[in-house]
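Below is one structure, written out as structure tokens; the observations come after it.
The values are calculated or read from the model by the stated rules, or taken from the named source; none is laboratory data. Since the model is a prediction, treat every value here as computed from it, not as a measurement. Here the Cβ positions follow ideal geometry from the backbone for every residue, glycine too, while neighbour counts run over all protein chains shown.
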């Protein structure tokens with residue numbers, strides 16, 4: 001009789017524990033649903049997480065635009081600077097750079113100088129060494145603004161910052177995706193540097209020597225590109241911005 005009572009007591013305790021666990025589960029589930037409804041507008045956490053991922057994949061990044069502040073300073077230093085033209089060139093350089101990585105073909109790059117070409121070659125070579133292929137598909141630039149304007153070591157640098165959307169993922173030698181996704185769009189930011197060689201004598205990188213201009217009269221190199229007269233023959237020099245400005249760097253900002 002005592003054994004039977006003990007069994008009954010144990011069963012009752014187990015039942016109490018089961019009821020308590022069920023109530024706790026119901027309470028927790030209710031809290032989760034309430035949180036999901038508040039956060040995502042749906043009682044399903046999985047559906048809410050998917051909605052959030054979709055929202056992240058379609059919401060452009062905000063660029064740190066300083067155009068209104070910096071453009072007057074640039075125009076003062078370079079009266080012939082054409083902002084709309086340079087911004088379009090920056091967009092073309094950035095898009096062609098990413099497509100060159102996608103195609104693994106440096107010749108796709110447009111309008112970059114030798115520094116940028118070397119950067120691109122090194123990036124593609126690094127991926128090839130690892131057996132990787134980095135994909136940039138359906139590239140779209142939402143917005144581009146001037147982010148910085150500075151002078152350093154004989155050059156003026158204007159940095160354009162762009163909000164970029166694309167399908168970005170990396171595959172290995174077996175064409176297996178190891179990073180990113182080809183199902184969701186990738187939203188990011190890139191900086192593209194536009195440089196103007198002010199004084200060739202101060203430039204450390206000899207690659208920039210190719211960016212100079214020459215005197216139209218005697219053909220002598222012009223060391224200071226904002227000079228108005230040739231230091232050798234004294235002829236007047238008309239500055240040609242399209243030859244003086246060049247794109248030298250592309251960098252993702254995370």
Taking residue 115, is it farther than 30 Å from residue 174 by Cβ, touching a residue at least 40 places away in the same chain (Cβ under 8 Å) and touching a strand residue (DSSP E or B) at 6+ places or on another chain (Cβ under 7 Å)? yes
Which residue out of 29, 57, 64, 96 is surrounded by 10 or more Cβ atoms within 10 Å (Cβ to Cβ) and modelled with pLDDT under 85? 29
Considering each residue of the range 75-87, count those that are modelled with pLDDT of 95 or more and either surrounded by 15 or more Cβ atoms within 10 Å (Cβ to Cβ) or closer than 16 Å to residue 250 by Cβ (or both), and give that number. 2
Determine which single condition residue 69 fails, assuming it passes every other condition in (1) loosely packed, with under 14 Cβ neighbours inside 10 Å; (2) touching a helix residue (DSSP H, G or I) at 6+ places or on another chain (Cβ under 8 Å); (3) at pLDDT 80 or above; (4) in a helix (DSSP H, G or I). (2)
Does the range 143-159 contain any residue that is more than 16 Å from residue 193 (Cβ to Cβ) and surrounded by fewer than 20 Cβ atoms within 10 Å (Cβ to Cβ)? yes
Identify all residues within the range 99-117 that are modelled with pLDDT under 95 and closer than 17 Å to residue 141 by Cα; write none if there are none. 110
State all residues of the range 236-253 that are at pLDDT below 60 and surrounded by fewer than 14 Cβ atoms within 10 Å (Cβ to Cβ); if no residue qualifies, say none. 238, 240, 242, 243
Counting only residues that are out of contact with any strand residue (DSSP E or B) (no Cβ under 8 Å at 6 or more places or on another chain) and closer than 20 Å to residue 182 by Cβ, which one in the range 125-142 is surrounded by the fewest Cβ atoms within 10 Å (Cβ to Cβ)? 131
